[in-house]
Amino acid sequence: MKANLIKKISIKRSPLLVLPTIIVVVTLLSLGLHMSAYKVDIVSGVRFVGHADEAAYAEMGRSLVKGRGFNIRHISVFFIPYSQEIERREDHWPPLMGMAIAPAFLAWGIESWAAKMPAVLFGSAGLPVATGLLGMVFSGKAYVGLVCGLMMMANIHIFTESLKTLSDVALAMLMAFFLAAAIGARKRPWLHVVAGIVMAMAYYAKGSMIVFFPLYPVIALLTCGKKVFSKKWIYAGLTAGTLCIMPWLVTNWVHYGDPFHSTQNFVSGYIGFGSWESNFYHPHWGENLPQTSDRWTKHGDRYWDVTRRNAEAFTRYALLGTRAGEQEWYRFGRPGALIHQWLAPKTSSVRRNRAEMENYGAQWGPVSEWSAPISAFSGIGTVVFIAVFLITVPLLAIKIFFSEIMGLLAGRKFSETGTGEKDDEKPHDPFALLFTRAGPVMAILLVMAVNWAFIVFLWEIRARFAFVFLPATAVLAVTGAARVLESIPASATRLATNSPGGEFFQSFFNRDKWRRWRWLPVLMLCTATFVGIMQNTDRLKDYHRDNVNTNRFPYRDRSIYPALGDWLHLNKPDAAIMSRNPWQLRFHSPDSIKTVGLPYAPPEQILGIGRYYGITHYLNDRNRSGMGRYVGRREPHPAFEPVEGAPGNLYRILWDELKHGEDYIEPAAENPFIVSLSTLRSCAVRPLLPARLISP
């Protein structure tokens with residue numbers, strides 16, 4: 001008995017059992033780095049850093065490299081007034097990508113292609129490896145992890161978005177790591193610490209991820225059972241995650257008087273309603289600030305239409321692929337048509353009446369017409385997996401219940417009929433065992449549901465927001481398919497062991513006999529996969545080019561802002577410029593340049609804000625109603641002097657030619673939100689991390 005127990009423990013702790021995981025990770029990492037080289041060839045030929053979010057993240061990276069922390073030199077929105085020096089702590093975009101970009105700038109210089117390197121690596125290697133680990137931890141099968149990781153590499157939309165500096169790919173990677181650590185903590189409790197740190201990183205990628213801090217005990221309960229609360233590791237994990245976000249909480253409170261201050265909180269009050277231009281760039285200046293509750297208190301029935309539109313789009317992107325249009329539902333027969341009818345608002349232009357639906361939704365469209373077959377198969381597999389799970393778990397619970405009742409009637413003690421782990425001689429509560437075995441599925445579904453609910457009810461859907469779903473759907477679908485496929489040889493094995501001569505088959509198929517060699521087929525599969533992909537690299541590149549629009553960013557350059565930045569470097573290195581796109585103009589310009597966004601307001605307010613911030617130049621890169629009398633005619637206003645030789649419509653503002661009260665109305669400076677530059681610099685705690693509570 002003791003010898004058998006020692007043998008089992010030695011097998012369980014054998015380093016050979018970790019080999020399949022290492023082999024899969026090395027394979028995915030190698031393929032990812034190979035893909036990264038192809039992406040670097042693409043981004044190195046594009047000087048333009050990107051619009052808005054992309055440029056803002058790169059600008060944060062530059063501020064870190066220049067030693068200013070997260071103090072940035074541009075004003076993008078006008079919810080509250082900032083210091084007239086146009087240097088403020090970033091309080092709109094989260095800091096993760098800025099922190100990732102800074103080392104790239106240190107390594108390769110402050111270049112646009114260097115700013116994109118973290119996203120390139122996250123999309124090529126980080127996300128596939130994270131998804132592979134989640135697949136292996138969830139299913140217990142190395143080949144499931146390999147397939148799931150390859151599915152992330154094959155996603156063309158993820159490929160394209162990883163050429164930008166946006167944080168959506170990084171968030172998908174972090175949430176896959178988070179789930180892998182939370183589920184893996186069942187056998188390795190120290191992974192709770194990893195989960196806590198990754199949870200904090202996810203928060204720095206998207207502020208809405210803060211909701212997982214209070215939810216993590218529930219996730220740990222689902223994955224590990226109630227025994228997790230008697231161990232130290234979950235508390236260590238929560239402590240580690242909290243310590244990681246404490247610098248942000250403290251510095252945000254110091255600079256803005258509120259640990260959860262973020263201008264994203266204001267955006268949540270109107271996004272999805274009306275014109276983005278008029279809402280986002282409206283000069284509130286600290287008054288009548290939008291609130292999240294405005295979504296349902298001010299917009300009434302429109303809120304529910306927007307919510308249904310978000311629900312339909314997010315569900316479509318998660319199940320059918322992020323490139324799927326609304327019409328895609330009707331390629332999946334009557335089930336797809338019914339789902340669309342149930343989710344889509346009545347105002348949907350694609351929504352069909354009942355008669356049309358009966359005719360159109362009678363047959364499934366051919367796979368060749370699907371916009372993303374791999375994602376669609378993943379989504380369909382996820383739906384089937386969840387349906388089977390919801391059916392079988394209650395049935396299994398009923399079976400256990402009646403088994404316990406029969407055991408009690410037979411004189412056995414409660415829980416003696418349960419089955420525990422092989423090396424544990426203690427009786428187990430069968431209901432707790434059922435709960436913990438179903439827990440990983442429920443934990444994944446909980447994470448998916450929380451992300452879905454936030455976007456649907458509090459934000460507006462973008463296809464890239466659904467990236468966070470793709471690792472989970474891939475893992476659920478591939479795991480379900482693997483169980484179906486493995487059931488066939490498993491059934492054959494049982495028949496063989498029960499037939500004449502079954503002792504031989506039982507000995508041959510003994511798991512412990514082959515367990516230490518299970519790395520060998522994984523090595524063979526990974527080697528064949530690696531060799532096959534490497535030999536077909538050129539064909540895969542051709543396939544990629546055929547399925548993307550190479551005439552648009554990020555594949556094609558936009559020259560106006562890089563060219564203007566070069567000109568400013570030589571001619572106006574100290575200008576303060578008002579522009580509709582202050583982020584990209586600021587990044588491509590000398591570090592001494594300061595930029596302010598273009599308010600959506602009458603000319604007197606636009607010029608008043610420009611006067612307040614000490615603007616010296618005006619870039620006419622977006623028309624504003626009423627500004628035509630200054631810059632929109634053949635002979636501009638005397639106060640707007642065209643700058644000869646400058647790319648774009650750049651004007652020098654002669655403030656002496658403008659009349660106060662007539663041409664401009666300077667806003668009041670007394671406002672509790674204003675934070676002066678001297679306050680930022682003299683603060684004892686450096687501005688480490690910007691605020692963001694509600695964000696997409």
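The values are calculated or read from the model by the stated rules, or taken from the named source; none is laboratory data. The structure displayed is predicted, hence computed values, not measured ones. Glycine gets a Cβ as well: all are built from the backbone with ideal geometry, and neighbour counts include every protein chain shown. In case anyone asks, the SASA skips ligands and DNA or RNA and just uses the protein heavy atoms, side chains included. Shrake-Rupley method; radii C 1.70, N 1.55, O 1.52, S 1.80 Å.
At-a-glance table
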item: Student exercise, segment 567-658 dipole from Lys, Arg, Asp, Glu Cβ charges, in Debye to nearest 20; result: 300 debye
item: Chymotrypsin sites (Phe, Trp or Tyr not before Pro) restricted to DSSP loop in segment 187-221 with at most 15 other C-beta within 10 Å; result: 190
item: Inter-label distance for residue 591 and residue 30, nm, one decimal - labels placed 7 Å from Cα along Cα-to-Cβ; result: 4.1 nm
item: Model label zone, residue 38; criterion: amide N under 15 Å from point 7 Å along Cα-to-beta-carbon; scope segment 112-132; result: 120-121, 123-125, 128
item: J(HN,Hα) series, segment 34-39, from Karplus relation 6.51 cos²θ - 1.76 cosθ + 1.60, nearest Hz, glycine and proline x; result: 5, 5, 4, 4, 5, 5
item: Förster-model FRET efficiency, 35 Å R0, residue 387 and residue 288, C-beta, rounded to 0.05; result: 0.15
item: Rounded to whole Hz, the Karplus (6.51, -1.76, 1.60) HN-Hα couplings of segment 338-344, x for glycine and proline; result: 5, 4, 5, 4, 6, 8, 6
item: Approximate spin-label separation residue 551-residue 635, in nm, with each point projected 7 Å along Cα-to-Cβ; result: 4.1 nm
item: Fraction of beta bridges assigned by DSSP in segment 504-660 that are antiparallel (%, nearest 5); result: 55 percent
item: Segment 280-352: trypsin sites (Lys or Arg not before Pro) falling in loop per DSSP and having at most 11 other Cβ within 10 Å; result: 346
item: Whole-percent carbon and sulfur share, accessible surface of segment 255-333, 1.4 Å; result: 49 percent
item: Å² per residue, accessible surface of segment 592-645 at 1.4 Å; result: 44 Å²
item: Solvent-accessible area, 1.4 Å probe, carbon plus sulfur percent, for segment 57-200; result: 63 percent
item: Sulfur and carbon atoms: percent of accessible area, segment 521-599 [1.4 Å]; result: 52 percent
item: Listed peptides 113-124, 571-582 by packing density, highest first (mean Cβ within 10 Å); result: 113-124, 571-582
item: For segment 117-183, diffusion coefficient by Stokes-Einstein and Kirkwood Rh (Cα), 10 °C, 1.306 mPa s, µm²/s; result: 138 µm²/s
item: Segment 224-318: relative contact order in percent, alpha carbon pairs under 8 Å with at least 6 residues between; result: 19 percent
item: Sequence-distant residues sharing a close amide H with residue 89 (under 5 Å, placed H); result: 72
item: Calculated FRET value between residue 569 and residue 403, using beta carbons and R₀ = 45 Å, to 0.05; result: 0.05
